[in-house]
Amino acid sequence: MRYTRAFFPTLREDPAEAKKTPSHRLLLRAGYIRQVGAGIYEFLPLGLRVLRKVESIVREEMDRAGAQEVSLPALLPADLFKETGRWDLFGSTLFRLHDQKKNDYHLGPTHEEVITDLVRSVVKSYRQLPINLYQIQWKYRDEARPRAGLLRCREFLMKDAYSFDADEAGALKSYAAMREAYKAVFRRVGLDYRIVSADSGAMGGSTSAEFQILAETGEDAIVVCSNCDYAANVEAAVARRSETSASAPSGQRHKMVATPDKKTIEEVAAFLKVETRATVKAGAFMFGKGPGDAGALALTFVRGDRRVNEVALARELGANWVRMAEDHELEKAGVVAGYVGPFELPASVSVVLVDGEIAGAQDMVIGANKAGHHVTHASMVVALEKLGARGKACDIRAVGAGDLCASCGAALQEFKGIEGGHIFVLGTHYTKKMNVTFLDEKGTENLIVMGCYGIGVSRLVASAVEQRHDGDGIVWPMSIAPYHVIVTPLAADGPMMEAAEKLYHSLVAMGVEAILDDRDERPGVKFKDADLLGIPLRVTVGKKSLEQGKLELKARNAKDAELIELETAAEQIAARVKAAIAG
RNA sequence: CGGGGAGUAGCACAGCCUGGUAGUGCGCUAGCUUUGGGAGCUAGAAGUCGCGGGUUCAAAUCCCGCUUCCCCGACCA
């Protein structure tokens, strides 16, 4: 590509709409993407080339793993989502529309129903299983708040694969194959990532893992063991229960004390002169199944210095949604906000969860269920006994940095991550709802067991930039760079330009993707643009070195340039590109 | 969906409070000089001031409504 003919609209200044997220800022500035609306982007020539490369890597690894590519529509009639209930369940995130006959349609946010319907119409026998079908398709979700450029869009490119097996064991095998394929994809794209166990949500999944790309701008928090291979999304994380200072009986009788206007843990602990870890923090949540469900009240108790993990809470409650209760909801149940405790609870409170870490604690400060009062020297053991069937001890506390690994006891580290991929065993969640069966060897009808596997293709592009950029611009890995090399003559005509032309043509002939910066610009401008674009290799054709029969080769991620022989430059560069792609 | 901010030339922004000829820098066009990390000078082109309504002799500026975008939070199969 000759730069003078290229559609590379770079910006000298940071666009106002993207000051925050590095990938957003740089992809816009370097002319890879343009924003059309909130969470809607155009891919310009450079951006599309990168997107296509990531797509190709994904496609190669999926094909290698035995999956077959299909293309399902982005525009879908509502019937299938209505069949599984997701027409209602998806709520406002679904882009809905109707045709001229007023029939309901939507844009596909994900394609479980469509693919399941396809397989349902074809597969009748165990002989046809297993199958793994995938597509690379634009998905549409009406995100309440699109943000961070390509990281959270309303239109985004996703690879989604769906496996269909005769039984759970087969599904696990398919899952394992996808896990390996994903590892290959993330490695080839050049991403620093962690595979973490994840919450499967309420969608009936049993086994699932996320491929989390480490980045400061990530929306997810993950914990990783500093010693063993344990890693988890904090939503699903568990940790060793740590010693609570007040775990042993104090020998003192529990006692109600006045704590006027001391509502927060910090206020109470300071007032009673105890550590926050010797107090119990109460929480009140409403939970329910359906989106319109009125919900029920659940009280939670965790150690004073802990927080509740709402996802773990939902899991324990078997709920589809959980939110903090409002004061009027507490009042209605006869509970006093700020002074909630596990003793003397009104009968209207039917669900009480006590975190496992304090379930055995014997000497704690707790709310007295009476305005302005707390109870000291309280035993959670006794509290649980008295609660009977209403109470349950389970792990609902949030896990974070500094907690100890449940499997090996080493310290957990916490990172921010971008969810780049997610693999699930879905089981029969969809096949049951959609009645997708096959006949086994004995002629018995069985439900097909599914798995689903997603990779955010456009999100990986942005993620790569999040991990690979510096003050001057993007630093692409060779495998997904839009071009491998940029040839930069320091004059737009004469011997330097002639040598550059010659090198450029040799490179192209060898299959190297090259840009020739044939613009009549000052060197500084060319260097700045080359750095901003992030092309992995730059060859500078300068006067002095050319007179010695040499060229300067500089890697984008290296500090200095090296001199290479003009004669063999093309071969050397081609070899280097090839080696870098191979990783 | 709750809270905050902003829409003025391709980009970044000033002007608005105190109504009266639409401005600056970058980019763009032409010319001259310059040429190893975003050059200098000269001359130019380029704007329904987000949209609609109102007040006024007169609105980018004041008032009302709408809309879009950004940020924080909630949400995120």
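Candidates in the range A:1-31 are the residues that are part of a loop (DSSP other than H, G, I, E, B) and of a type in the set (S, T, N, Q); of these, the one that is most open to solvent (accessible area, probe 1.4 Å) is A:Thr10.
Give the residue, chosen from A:Thr444, A:Thr437, that is polar (S, T, N, Q), open to solvent by less than 50 Å² (accessible area, probe 1.4 Å) and without any contact (Cβ under 8 Å) to a residue 60 or more places away in the chain.
Working: A:Thr444 fails: open to solvent by less than 50 Å² (accessible area, probe 1.4 Å).
Answer to the selection: A:Thr437.
Summed over the range A:60-78, the residues that are under 25 Å from A:Asp165 (Cα atoms), not basic (Lys, Arg) and not in a loop (DSSP other than H, G, I, E, B) give a count of 6. Residues that are more than 27 Å from A:Gly47 (Cβ to Cβ) and not polar (S, T, N, Q) do not occur anywhere in the range A:142-161. Within the range A:539-552, residues that are closer than 11 Å to A:Glu567 by Cα have Cβ atoms under 9 Å from residues that are among the acidic types (Asp, Glu) in these pairs: A:Gly549/A:Glu565; A:Gly549/A:Glu567; A:Lys550/A:Glu565; A:Leu551/A:Glu565, counting only partners at least 6 apart in sequence or on another chain.
Go through the range A:28-40 residue by residue and tally those that are more than 15 Å from A:Asp529 (Cβ to Cβ) and not polar (S, T, N, Q). Show your work before the answer.
Here is the first cut: in the range A:28-40, the residues more than 15 Å from A:Asp529 (Cβ to Cβ) are A:33-40.
Applying the additional criterion that residues be not polar (S, T, N, Q) yields A:33-34, A:36-40.
Going through the range A:28-40 one residue at a time, the tally reaches 7.
Take the conditions (1) free of Cβ contacts under 8 Å to residues at least 60 places away in the same chain; (2) under 15 Å from A:Val351 (Cα atoms); (3) touching a Lys or Arg at 6+ places or on another chain (Cβ under 6 Å); A:Ile265 misses just one of them, which is (2). One residue alone among A:Gly391, A:Gly402, A:Gly409 is at positive phi, open to solvent by 10 Å² or more (accessible area, probe 1.4 Å) and touching a Leu at 6+ places or on another chain (Cβ under 8 Å), and that residue is A:Gly402.
Scanning the range A:424-438 for residues that are out of contact with any helix residue (DSSP H, G or I) (no Cβ under 7 Å at 6 or more places or on another chain) and not hydroxyl-bearing (Ser, Thr, Tyr) gives A:Phe424, A:Leu426, A:Gly427, A:His429, A:Lys432, A:Asn435.
Yes/no matrix, rows are residues, columns are (1) touching a residue at least 12 places away in the same chain (Cβ under 8 Å); (2) over 24 Å from A:Asn233 (Cβ atoms); (3) in contact with a Lys or Arg (Cβ under 9 Å, 6 or more places away or on another chain):
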{"residue": "A:Leu299", "(1), (2), (3)": "yes, yes, no"}
{"residue": "A:Trp321", "(1), (2), (3)": "yes, no, yes"}
{"residue": "A:His328", "(1), (2), (3)": "no, yes, no"}
{"residue": "A:Ala333", "(1), (2), (3)": "yes, yes, no"}
{"residue": "A:Val340", "(1), (2), (3)": "yes, yes, no"}
{"residue": "A:Glu357", "(1), (2), (3)": "yes, no, yes"}
{"residue": "A:Asp363", "(1), (2), (3)": "yes, yes, no"}
{"residue": "A:His374", "(1), (2), (3)": "yes, yes, yes"}
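One line per residue, one yes/no per condition, for (1) under 40 Å from the mean Cα position of the chain (by Cα); (2) open to solvent by 20 Å² or more (accessible area, probe 1.4 Å); (3) in the same structural domain as A:Leu44 (by TED's automatic domain parsing):
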| site | (1), (2), (3) |
| --- | --- |
| A:His505 | no, yes, no |
| A:Arg522 | no, yes, no |
| A:Leu532 | yes, no, no |
| A:Ser545 | no, no, no |
| A:Lys550 | no, yes, no |
| A:Ala561 | yes, yes, no |
| A:Ala569 | no, no, no |
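Filtering the range A:21-45 down to residues that are under 30 Å from A:Ala509 (Cα atoms) and touching a helix residue (DSSP H, G or I) at 6+ places or on another chain (Cβ under 7 Å), which residue is nearest to RNA strand B (Cβ to nearest atom)? Outline the logic, then answer.
Applying the first criterion (under 30 Å from A:Ala509 (Cα atoms)) to the range A:21-45 yields A:27, A:30-33, A:43-45.
Okay, now just the ones that are also touching a helix residue (DSSP H, G or I) at 6+ places or on another chain (Cβ under 7 Å), so A:27, A:30-33, A:43.
On the way: A:Leu27: 13, A:Ala30: 8, A:Gly31: 10, A:Tyr32: 14, A:Ile33: 12, A:Phe43: 16 Å.
Among residues in the range A:21-45 that are under 30 Å from A:Ala509 (Cα atoms) and touching a helix residue (DSSP H, G or I) at 6+ places or on another chain (Cβ under 7 Å), the one nearest to RNA strand B (Cβ to nearest atom) is A:Ala30.
Taking each residue of the range A:186-198 that is closer than 14 Å to A:Asp229 by Cβ and looking for partners that are modelled with pLDDT of 95 or more and of a type in the set (Lys, Arg) with beta-carbon atoms closer than 8 Å, six or more apart or interchain, yields A:Ile195/A:Arg179; A:Ile195/A:Lys183.
What number of residues in the range A:26-52 are within 20 Å of A:Ala582 (Cβ to Cβ) and without any contact (Cβ under 8 Å) to a residue 40 or more places away in the chain?
Number satisfying all stated conditions: 1.
Please find, within the range A:1-20, the residue that is nearest to RNA strand B (Cβ to nearest atom) out of those that are among the hydrophobic types (A, V, I, L, M, F, W, C) and within 17 Å of A:Leu48 (Cα to Cα). Among those residues, the one meeting the criterion is A:Phe8. A:Tyr134 meets each of the listed conditions (1) farther than 23 Å from A:Ile455 by Cβ; (2) among the aromatic types (Phe, Trp, Tyr); (3) at pLDDT 95 or above apart from (1). In summary, A:Glu55 fulfils each of the numbered conditions (1) touching a residue at least 40 places away in the same chain (Cβ under 8 Å); (2) outside any loop (DSSP other than H, G, I, E, B); (3) farther than 19 Å from A:Tyr182 by Cα; (4) not hydrophobic (A, V, I, L, M, F, W, C) with the single exception of condition (3).
I'd like to know if the range A:538-558 contains one or more residues that are of a type outside the set (A, V, I, L, M, F, W, C), closer than 15 Å to A:Arg576 by Cα, more than 9 Å from RNA strand B (Cβ to nearest atom) and in contact with a His (Cβ under 7 Å, 6 or more places away or on another chain).
So the first thing to find is which residues in the range A:538-558 are of a type outside the set (A, V, I, L, M, F, W, C), and the list is A:538, A:540, A:542-545, A:547-550, A:552, A:554, A:556-557.
Keeping just the survivors that are closer than 15 Å to A:Arg576 by Cα gives A:538, A:552, A:554, A:556-557.
With the extra rule that they be more than 9 Å from RNA strand B (Cβ to nearest atom), the set shrinks to A:556-557.
Keeping just the survivors that are in contact with a His (Cβ under 7 Å, 6 or more places away or on another chain) gives none.
No.
Filtering A:Arg34, A:Arg64, A:Arg59, A:Arg49 for residues that are assigned by TED's automatic domain parsing to the domain that holds A:Gly190, modelled with pLDDT of 95 or more, in contact with a strand residue (DSSP E or B) (Cβ under 8 Å, 6 or more places away or on another chain) and open to solvent by 60 Å² or more (accessible area, probe 1.4 Å) leaves a single hit, A:Arg59.
Here A:Leu214 fulfils each of the conditions (1) over 30 Å from A:Val70 (Cα atoms); (2) modelled with pLDDT under 90; (3) surrounded by fewer than 19 Cβ atoms within 10 Å (Cβ to Cβ) apart from (2).
The helices (runs of 4 or more DSSP H) located wholly in the range A:473-583 that include 1 or more residues which are β-branched (Val, Ile, Thr) occupy A:494-509, A:523-533, A:569-582. Taking (1) part of a strand (DSSP E or B); (2) away from RNA strand B (no atom under 13 Å from the Cβ); (3) not acidic (Asp, Glu) in turn, A:Arg127 satisfies each apart from (1).
The values are calculated or read from the model by the stated rules, or taken from the named source; none is laboratory data. Predicted model, so just to flag it, every value in this text is computed and none were measured. Every residue, glycine as well, gets a Cβ built from its backbone with ideal geometry; the counts of neighbours run over all protein chains shown. When the accessible area is computed, the model is the full protein with side chains, heavy atoms only, and any ligands, DNA or RNA have been set aside. Shrake-Rupley method; radii C 1.70, N 1.55, O 1.52, S 1.80 Å.
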